[in-house]
1. If residue 273 satisfies all but one of (1) closer than 23 Å to residue 166 by Cβ; (2) among the aliphatic types (A, V, I, L, M); (3) out of contact with any helix residue (DSSP H, G or I) (no Cβ under 8 Å at 6 or more places or on another chain); (4) part of a helix (DSSP H, G or I), what's the number of the condition it fails?
2. Suppose we keep only residues that are more than 10 Å from residue 219 (Cβ to Cβ) and among the small types (Gly, Ala, Ser) within the range 238-256. Which one would you say is surrounded by the fewest Cβ atoms within 10 Å (Cβ to Cβ)?
3. Those residues that are of a type in the set (Gly, Ala, Ser) and either assigned to a loop (DSSP other than H, G, I, E, B) or at pLDDT below 95 (or both), I need them from the range 148-180; list them, please.
4. Considering 341, 305, 347, which residue is touching a helix residue (DSSP H, G or I) at 6+ places or on another chain (Cβ under 7 Å) and in contact (Cβ under 8 Å) with a residue 60 or more places away in the chain?
5. Would you check which residues across the range 77-92 are in contact with a helix residue (DSSP H, G or I) (Cβ under 8 Å, 6 or more places away or on another chain), crowded, with 23+ Cβ neighbours inside 10 Å and part of a loop (DSSP other than H, G, I, E, B) and list them?
6. (1) out of contact with any Phe, Trp or Tyr (no Cβ under 8 Å at 6 or more places or on another chain); (2) closer than 23 Å to residue 241 by Cα: which one isn't true of residue 135, the others all being true?
7. Right, residue 316: in contact with a Phe, Trp or Tyr (Cβ under 8 Å, 6 or more places away or on another chain), more than 15 Å from residue 40 (Cβ to Cβ) and either surrounded by 24 or more Cβ atoms within 10 Å (Cβ to Cβ) or not aliphatic (A, V, I, L, M) (or both) or not?
Amino acid sequence: MRRFGNARRALSLMVAALGTLGMVAGSAGSAKAVGAPVAIRGADISSLKKSQDLGGVYYDPGGVRRDALDILRSSGANYARVRVWVNPADGYNDKARVLDMARQVKARGMGLLIDFHYSDTWADPGWQSKPAAWAPLNFAQLQAAVHDYTADVLGSLRAQGTAADMAQIGNEINNGMLWPDGSTSNWANLAALLKAGVAGARAASPDTRVMLHLSNGGDNPATRAWLDQAVAYGVPFDVIGVSHYVYWHGSLASLQANLNDVAARYGRPVLVAETAYGFTLAQSDAQPNIFDASLQEAGGYPATPDGQAAMLRDIFAVVRAVPNGRGLGVFYWEPTWTAVPGNGVDPANPRSGDVWENQAMFDYANRALPVLSVFASFS
């Protein structure tokens, strides 16, 4: 997910090919959706450990203060996604803290997806920087670093009894990873790095499914072109993941068409690895939020609690409709990233604010929003 315009990189919104979405009428409701359950009902909780340590609090729909993971689990979420950075500036999302979060996730009987960024900071289609410690490496050494790092993280998770159920080799890697070596301008290099990551995963945690994750879930030509290259170069993978933010990536019809096509074309299950929507246009801190009036207009749903819930319900319905049971699941991105001082967008700057609090699943009083009920309705 691309997020944060700062001095080191511009925010890459990727807004081309936005489709037309109908405005939502009425309440999203909490009735159980008609149809087969969706296997993975997930939440990316990568910021939660830092929020916990800095005093973040969460309240369930009844106003009772509870652990955020307990609220998610009791609401029907059954999977957690956690990103891992190599050597982040603030220490959060490093291996040690990911191991801690994995213990919390597995203690609640939830599945675990590890999101390898292969960076010290955010990685997305517009920014794929190498970890500083890997910058001097030649290409053969870089391949070894990817293999060994992947194996180390997944092996450590397995050793403590919290093996990852799934791991993604790179984050939104439309334009490659570990730039410049792993750019899509040199697919042979990118494929070699992906194979190194997959080999490390298979060696250390053989039961962990491997996912390749792209952005632009509504762009079928781009998704096909990328995956065709991966297949041609012999990159092994088990699951296809896409990001789909309706205000950036197009209509639900385009998402449906893309998921249907790639599931059939490559014979793999598909999932939405990231999605989110705003429940308000108001801010909770001084940092401007990414989701604003222009994105509400592009997304086609009202920025209200019911609008947020309706969007997620519609995303789940798309995934469930993928033929032959290949619609695997949906992850909501950062539902617990509320505005806690110190837990801002820039891991190198503790004074930075939150850009995501109006897309969380908790309101500005830290109380659970109606969107949480969507998980149970697809269980």
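The values are calculated or read from the model by the stated rules, or taken from the named source; none is laboratory data. This is a predicted model, so every value here is computed, not measured. Please note: Cβ atoms are built from the backbone with ideal geometry, for glycine as well, and neighbour counts cover all protein chains shown.
1. (4)
2. 253
3. The initial filter retains those residues of the range 148-180 that are of a type in the set (Gly, Ala, Ser), namely 151, 155-156, 159, 161, 163-164, 167, 170, 176.
161, 163, 164, 170 - these are the residues of the range 148-180 that are of a type in the set (Gly, Ala, Ser) and either assigned to a loop (DSSP other than H, G, I, E, B) or at pLDDT below 95 (or both).
4. Details: 341 fails: touching a helix residue (DSSP H, G or I) at 6+ places or on another chain (Cβ under 7 Å); 347 fails: touching a helix residue (DSSP H, G or I) at 6+ places or on another chain (Cβ under 7 Å).
Step by step, each of 341, 305, 347 is checked, and only 305 is touching a helix residue (DSSP H, G or I) at 6+ places or on another chain (Cβ under 7 Å) and in contact (Cβ under 8 Å) with a residue 60 or more places away in the chain.
5. 77 - this is the single residue of the range 77-92 that is in contact with a helix residue (DSSP H, G or I) (Cβ under 8 Å, 6 or more places away or on another chain), crowded, with 23+ Cβ neighbours inside 10 Å and part of a loop (DSSP other than H, G, I, E, B).
6. Evaluating residue 135 over (1) out of contact with any Phe, Trp or Tyr (no Cβ under 8 Å at 6 or more places or on another chain); (2) closer than 23 Å to residue 241 by Cα leaves (2) as the failure.
7. Values: in contact with a Phe, Trp or Tyr (Cβ under 8 Å, 6 or more places away or on another chain): yes; more than 15 Å from residue 40 (Cβ to Cβ): no; either surrounded by 24 or more Cβ atoms within 10 Å (Cβ to Cβ) or not aliphatic (A, V, I, L, M) (or both): yes.
In short, no.
Residues are listed down the side, and each one gets a yes or a no for (1) within 30 Å of residue 152 (Cβ to Cβ); (2) among the hydroxyl-bearing types (Ser, Thr, Tyr); (3) at pLDDT 95 or above:
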site	(1), (2), (3)
202	yes, no, yes
206	yes, no, yes
215	yes, yes, yes
226	yes, no, yes
231	yes, no, yes
235	yes, no, yes
245	no, yes, yes
251	no, yes, yes
254	no, yes, yes
